[in-house]
Structures are given as structure tokens and as C-alpha cells.
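Colleague: Pasting a structure below so you can have a look.
The values are calculated or read from the model by the stated rules, or taken from the named source; none is laboratory data. Source: prediction; values computed, not measured. Virtual Cβ from ideal backbone geometry, glycine too; neighbours counted across all protein chains shown. When the accessible area is computed, the model is the full protein with side chains, heavy atoms only, and any ligands, DNA or RNA have been set aside. Shrake-Rupley method; radii C 1.70, N 1.55, O 1.52, S 1.80 Å.
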Amino acid sequence: MFKKVMLFLIIILALGILPTFAQDDPYADVDPSGQTVTFWHNHTGGRARVLDTIVRVFNNPTATWGAENTEFFIAPETSDPVDLNALAVALAPVAAEYNTYGITVEASNQGSYGEIFEKIRLAIGANEALPNLTVAYQNQAATYQFDSAGEALIDMNLLVNSPTWGMAEEEIAQFFAGIWQSDVFPTFGGERYGFPVQRSMEVLYFNVDWLAELFANGHISFEGAPTTPDQFREAACAAAANPFSGAEVDAPESSMGYEIALSASNFAAWTFAFGGDIFDYENNAYTLNTAASVEAMTFIQGLVADGCARIQTDPGAFTAQRNFGLGTTMFAMQSSSGIPFFQLAASRDLGDGTLEPRFNWSAGEIPHTTETPVMNLYGASVSIPVSTPEQEVATWIFVKFLGSQEVMAIWGDAANYFPTRADAAELLDATFERIPAYAATFPLLQYASKEPGVPGYDPVRNEIQNTMVLLWDFPAGETPEEVAPLLDALNENANIILSEFSN
Amino acid sequence: MVDKVQAQSMTATYQPSMVNYRHFSVRKVIGKTALYGTLIFFAILSLLPFFWMISTSLMTASDAQVGRLVPTTALQFQNYGVAWDEGNFGKYFMNSVIIAVVTLMGVVVTSVLAGYAFARIKFYGRNVIFTMLLATIMVPDTVTLVPNYLTIRGNIFPLPLGDQSVWFVGGNSWYDLLSALTIPFMGSVFGIFLLRQFFATIPDELWDAARIDGAGHLRFLITVCLPIARPAVVTVVLIGFVGSWNSFMWPIIITESETWRPLMMALNNFIEDAGSRTHLLMAGACITILPIMIIYFFAQKTFTQGVATSGLKG
């Protein structure tokens, strides 16, 4: 009898434990060999060519890459930021480590982030197959999950922590903690819907020579870039009153301290810099009307009222970049991924493709009231939509490759996005030397804060933008709208939208 | 004496008219100057974007980046070659031509037949149907995007000519196929409206004469109406061509591979999230508008006639 009871207990225990083991690694027995992975991305021009090279090498890691082999020679294009053949040679050994399964990735541009978002939402609505891998902002990934009742994307924790396919603790430790966590969604039970392969940051672009000129002439009391809002105001107002000696004479717009971009990322960046946040993650609610937000927006409104700042005339045409390049705008706040474009704007092309800087410029932290800078770090991750376990693992292998130290460094060098792991910096010395603004902003990654990755953030971004217009677009000499009531209304609307995406 | 009096009187009657004439002439000159001045001003204003586009297309990247009006270095004609190669214009250009030609064939057939029916055949509910058809012009494209997408993916009803084929044979979804880019646009409400307006102006006597000769509606349409309606048909073709040539949002939603992507997608290659390569974008834009300019150049007279005769106003 005792034996029977014991046997029964053992069977019960086994039945209970076995599924638990199986649940630990649902991908344990999956064979990804020979799978084809479709990858939707938004990159164009030189960045797309670099990504295409990364993909080509991943697909053929054992090929003889380089100029000698005509079959795998990559014909150079004008916009290539680097020698793609040399890049392929450097990548091949890394790819050989990852792709031992004959996986083929088919990467294709599917429009901008917004257009890809639209396409995937339509495909989810139509119950159609999704790509195996897609670029997605955190809020977009959350929206996909909301639209599909949690069935569009896989929880990448299962692959990250998989004993068979996962990543070593030491490797995970290389990722910046804030960035690594940004793809984990507390609102979806802590599941991971993205993997950070790159990031950008809202940074302050400034004219170094103009600042030096203002200091030398006694118009400002500090040297270098402003680090506090007071210094920022001082420099912006001084710049508006004292044009840059190196400014282009036929510039279409007058000298200005700060050219404001109407974007939610800008709103968030200033709020962070004033010590606040725009979302309460504990209570799952927007906090767009906190004292920090009100203070930050009042500060900018004051700059506009005093003629030290203006809204950029045509954001679609990147007029802030243009005016910065012409030497008529001292400060512009934009994504760090715009570094190549600012570099171009602030240079003179000698006609043979050689760029000669017109003046010295750089990028850095947003002036802050906090002890250390708080930077608005953002950027699309890559998400894996649900497919077959074989395709999901094959996709994950490619994602791990993209997230490797070498690939991140190569991508950072060529595309000027920031890597998300600290050890990539070891391979970026040449890049830091070549692009000082990239070198100056890289250390700010440690001060990262983020915008909310919640479903429905896109319409909230539009609401924020509309409010920014009300706050800052007023004729000179007129009394501007009061900040607090406008932000109260904005916050209320934002939380209504959030509730619509929560049911 | 009489002569003197007569002469005085002639002078007396002549002089005021001279003053009037002078007065009238000055007014006329001022009026004409103001008119031509205004016209020239608006002509320059409307040509300025074209000038800027061409000028920017010949600039260096840094000149374009700061929005200069004229290049500061030698003209960069190579921008056109770079844009053509990097934007894969050869492939996209051919796709756009095929898409436009196939679509326009459909547009002409459906517009001519429906326009004729609405204008000349009396049937029950004709005006109601025509009004409903016109009302669809008021529905924004964004509203119909989702239902159109679902239809093309075969979610509303199975589509007979799609899936996994290059042309028109296959399963039930038209996603990423030529059919998705052409068939939905073969019915043009505007084309139907335009031709209906034109066909309505054809005198009934012609129809009566054709009937005496034993012609039915189809023969009357082909042998009598269509030759007269050439300007209106050309107008429909031109407007349809421009619409097809410029389409961007629908192709990006409904295509996944490069197989059938149109020319506008090539321009997208020069725009990034944090900036654009404006000099190449403008070179690409010049290449893109060239066919429209050439077609309009040759069809200008007929087009103007078509607009005038169908009662369209700008």
C-alpha cells in the first residue's frame, strides 16, 4: 500500500513538474535551420545600405567578402557612409558565430516609423500574417498588443532567458540598465515586446563659436554650453540681440536664441530637465500638468515672449537645421540621429564632396534644474511578431546578432545611432574622433529617462503638440495663454485617451 | 470767315474728344499695366517652387541643407545620376508607367460607359445613383483606407485574380500585386462625372439620326460620341494619370516587396526621420514630374478644350 501511495505521489509530482520544466524553455527543442525571416525597417539611403550589408553578411557568413570576390562585392554608392566591403569583411566572423543554421533574412524598407505602424495595425485588424521582425517604438509595440488582445508580439523574455537560445548574464549586464528595461511592459505583466538595438536622444545643438563670441564680448557670464535654464535663457536672449559674426548675410530669418520644435519628445525632454516626468508608472496615468511641466513650459513661454525663442517655421523642412547651419539660430533641440544633418548644414561643400566646417558646433545635455542631466532617450526597438516557433527562434538569432557588440558599434559608426550596450564604446574610438558631437553626447546615455511606452501614446503626442502651439504661438507683445490650465486640460485629455486604450 | 468759324468749331468739337481719348488711353495703359503686373507677379509666384526645385537639385548637399535659393558652387548635374541610381528609379519608373497605363485603360472604359449611361440612357433611379456616386467624392481617403485594405486582402470577400502571381492569376488576396494598385482605381467618379457632363451636351438630333441609320447605344457611343468627346477623354486621362503617378500612401500600405512599388516610393529613399537629403530629393522630384510635364505639353490644347467644353471650373 505504501509503495502504491509513493508511486502515485511520484506520478503526481512528475506530472506537476514536467510542464514547469517545459514552460521554462518552450523553445528548447526548436530547430531554426533554413528559416527565412522577413524584417520591416524604416531606413533609407546610406543607413539602409549599411543595414543591407549587415543582413547580407548574416545570410552568407562563410562567403569570401571584400573587393576581391566579384560575387560578393558591394558596388559603392555616393551615400555610403563607410566602405561597405571592408565592413562586410569585418562582420563575417561575427555572423559566422551566430548564423550556423542557414537562416536567411529578407530586410525591406516599409516606409517611415509611422507608416510601418499603420501597416502593422491594418494587418492586425485584418488578421493577416505579420513580418517576422519589425522596428517599433515602445508605445507602438504596446498598441499592437492592445489591438490584438496580446497576441501580436511574442514575449521576448522567453528567448532572452532561454537556456538554449538566451543571453548570458554577463552580456545582458553590458546593456544600459534603463534602456534594457524600456522594452519591458509593466502594463502587460512585465512581458518584453522589444529588444533595444539602437537609441537616439533629445539633445541640445549649439553654436560653439557664437557662444564664445558672446562670452568674449561680455554678453554672457559663463563659458561653453549652458547647463542650467538660467544660463540657457541668458545665452538665448544674448544671441537674439547679438547676431553671430559668422552668420550668412542672406539668411532668410533673423538671429534667434532658440528654435523650438513642436514635438512631444521636446515637451518630455524639458519636463525631465526640470525634474519631473510625464507619466506615473505606479498609477498608470499621465502627469502632464505637474509643477515641473508647468515650470518648464512657463520658462519656454517666457523665452518666446521676450523674443529669445521662436517656433521653427517649417518642421517638415527641418528649418531649425537650416537656420542653425546659416548661423542665425544658436540653439536647436532635436534627436541625436540628426547629427549628420546638422553636420552637413554647418559645413560648406567645396564642390568635390569635401566638407569644410563653417563654424564650430556641438551637441550636449538639455539645461537642467536637477543635479545631474536627465535626458529623454528614445528610439525604436525591434519586436518579434508571433509566427512559428522555428521562425521566432531564427528571428531571435538575428536579433542577437544585431545586438552584439561588434554590430552595434558598426551601426553606431555608420548610422550615428547610439548603441545600447556600454562595451560597444570600446570599438567606437574612431567615430568619437570623427564626429565630436557624437562623442560629446554618448556619455549622456547614463542619464536616460524615457517617454511612456503605453498604448495610445501616438494620439496623446498629437494632443501635446496642439497644446504647445497654444502655449507658444502668440503675437509679440500679447499676453500668452496661462500654462497651468492648458496643461490641466491636456492631462485630462491624455488620460481619457489612455483609458480608451485600457479597456 | 466761314472756313475760320468752321475750323474753330471743328477744333472746339475735336479737342474734348482728344482729351477723352488721352484720358481713356492713360486709364487703359494703367489698367493693362496693373493687370499684366499682377499676372506676372502670380506667374513668378507659381514658378518659384519649380525654380527652387530645379535649383536645389543642382546644389551640393550642404547648400541644399541650408535652403539656399541658388547654388554657391558649380552646378551638380551628377545629382540626377546619383538620385536615379540610389533611388532605384529605373525599376520604380517602369512600375509607375505600367500601373498608370493599366489603370487608365480601366478608367477610360468605365468612365465612358458610365458617363454615357448617366447622360443619355433613361433608367429607373438614374439621378439617385448618380447623386450617390457624386457623394462618394466627399468621403476622405483615410476613411476608406481600412475597408479598402480589408477588401484587397480578401477579408470581405475572396478576390478571384490574386495571390502569389505576378499578373492577374492566383488566389484570393491582391496584397503586393499589380491588381491592388490598379483595379480599385479603374472606377473614377470624377471621370464619370466629367464625361457625363460632356455627353449630356450632345444634341438629341444626332442620336435620332443615328437611330434612323440603325445604330444602337454602343455604336452611337463609339462612332459618334467618342470622336466628339476626345478633349473630355484626354482630360480624364490626364487627371487620372497625375493621380496614379502621384499615389504614395496606398502603394506603401498595400505593397511589401519592390516588385510593384511606384515612383513616389523612390523619393521616399531620400527622407529620414531626422533629416532629408534635399538635393537628391529635388533631383528625384524633377525626374518624377518630367513625364507629367511632357504629356501636358503635348495635350495642353486638348486638355484646355476638354475643361472648357465639360463646364469644369478651376
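Colleague: Step through the residues of the range A:363-371 one at a time and calculate ³J(HN,Hα) from phi using the Karplus curve (6.51 cos²θ - 1.76 cosθ + 1.60, θ = phi - 60°), rounding each to whole Hz and writing x for Gly and Pro.
Modeller: 9, x, 5, 7, x, 9, 9, 6, 5
Colleague: Follow-up. Would you check the accessible area of A:Asp250, probe 1.4 Å, heavy atoms only, in square angstrom rounded to 10?
Modeller: For A:Asp250, solvent-accessible area is about 110 Å².
Colleague: Give the accessible surface of the protein assembly as shown per residue, rounded to a whole number of Å², with probe radius 1.4 Å and ligands, DNA and RNA excluded.
Modeller: 46 Å²
Colleague: Applying the Karplus parametrisation 6.51 cos²θ - 1.76 cosθ + 1.60 with θ = phi - 60° to the phi angles of the range B:64-76, what ³J(HN,Hα) value in whole Hz is obtained for each residue in order, glycine and proline being reported as x?
Modeller: 5, 5, 9, x, 5, 7, 10, x, 9, 10, 4, 5, 9
Colleague: Next up: Ordering A:Asp314, B:Asp204, B:Asp213 from largest to smallest accessible area (1.4 angstrom probe), what's the sequence?
Modeller: Ranking A:Asp314, B:Asp204, B:Asp213 by accessible area, largest first, yields B:Asp213, B:Asp204, A:Asp314.
Colleague: Would you please give the residues with an amide H less than 5 Å from that of A:Val197, counting only those at least 5 places away or on a separate chain, with H modeled from the backbone geometry?
Modeller: Placed amide hydrogens put A:Val382 under 5 Å from A:Val197.
Colleague: Continuing with the same structure: Could you work out the local net charge near A:Gly66, counting Lys and Arg as +1, Asp and Glu as -1, over the other residues with Cβ closer than 14 Å to its Cβ?
Modeller: -2
Colleague: Can you give me the % of accessible surface on the protein assembly as shown that is carbon or sulfur? Probe 1.4 Å, all protein chains present, nothing else counted. Before the final figure, lay out each step's value.
Modeller: Working: 22980 of 37370 Å².
Answer for the protein assembly as shown is 61 percent, counting heavy atoms of protein chains only.
Colleague: Take the alpha carbon atoms of the range A:229-284, find their center, do the same for the range A:313-377, and report the distance between the two centers in whole angstrom.
Modeller: 12 Å
Colleague: Find how many whole Å separate the alpha carbon centroid of the range B:107-157 from the alpha carbon centroid of the range A:438-458.
Modeller: One Cα centre to the other: 48 Å.
Colleague: Still on this structure, I have one more. In debye to the nearest 20, how big a dipole does the range B:87-309 give about its Cα centre with +1 on each Lys and Arg Cβ and -1 on each Asp and Glu Cβ?
Modeller: Once rounded to the nearest 20, the dipole reads 460 debye.
Colleague: Follow-up. Scan around B:Gly275 for amide H atoms under 5 Å from its own, H built in the peptide plane at 1.01 Å from N, and keep only partners 5 or more places away or cross-chain.
Modeller: Result for B:Gly275 returns nothing.
Colleague: List the residues, sorted by chain then number, that are 5 or more residues from A:Ser449 or on another chain and whose placed amide H is less than 5 Å from its amide H.
Modeller: HN-HN under 5 Å from A:Ser449: A:Met375, A:Asn376, A:Leu377.
Colleague: Further, regarding this structure: What is the sum of charges, Lys and Arg at +1 and Asp and Glu at -1, for the other residues whose Cβ falls under 15 Å from the Cβ of A:Tyr281?
Modeller: In short, -4.
Colleague: Over 27 Å between Cα atoms, which of B:Lys122/B:Lys301; A:Lys400/B:Lys91; A:Lys119/B:Lys91; B:Lys28/B:Lys301 qualify?
Modeller: B:Lys122/B:Lys301; A:Lys400/B:Lys91; B:Lys28/B:Lys301
Colleague: Between the range B:48-83 and the range A:150-204, what's the alpha-carbon centroid distance in Å?
Modeller: Cα centroid of the range B:48-83 versus Cα centroid of the range A:150-204: 43 Å apart.
Colleague: While we're looking at this one, here's another question. Given the DSSP H assignment, sum -39500 (n - 2.57) over each helix run of at least 4 residues in chain A and divide by its residue total; what's the result at 222 nm in deg cm²/dmol, nearest 500? Could the numbers behind the result be given before it?
Modeller: On the way: 20 runs with 223 residues, N = 503.
About -13500 deg cm²/dmol.
Colleague: Then there is this: Counting pairs of alpha carbon atoms under 8 Å apart in space and at least six apart in sequence, what relative contact order in percent does the range B:87-309 give? Let's see the in-between values first.
Modeller: Values: 255 pairs, mean separation 64.3, N = 223.
Across the range B:87-309, relative contact order equals 29 percent.
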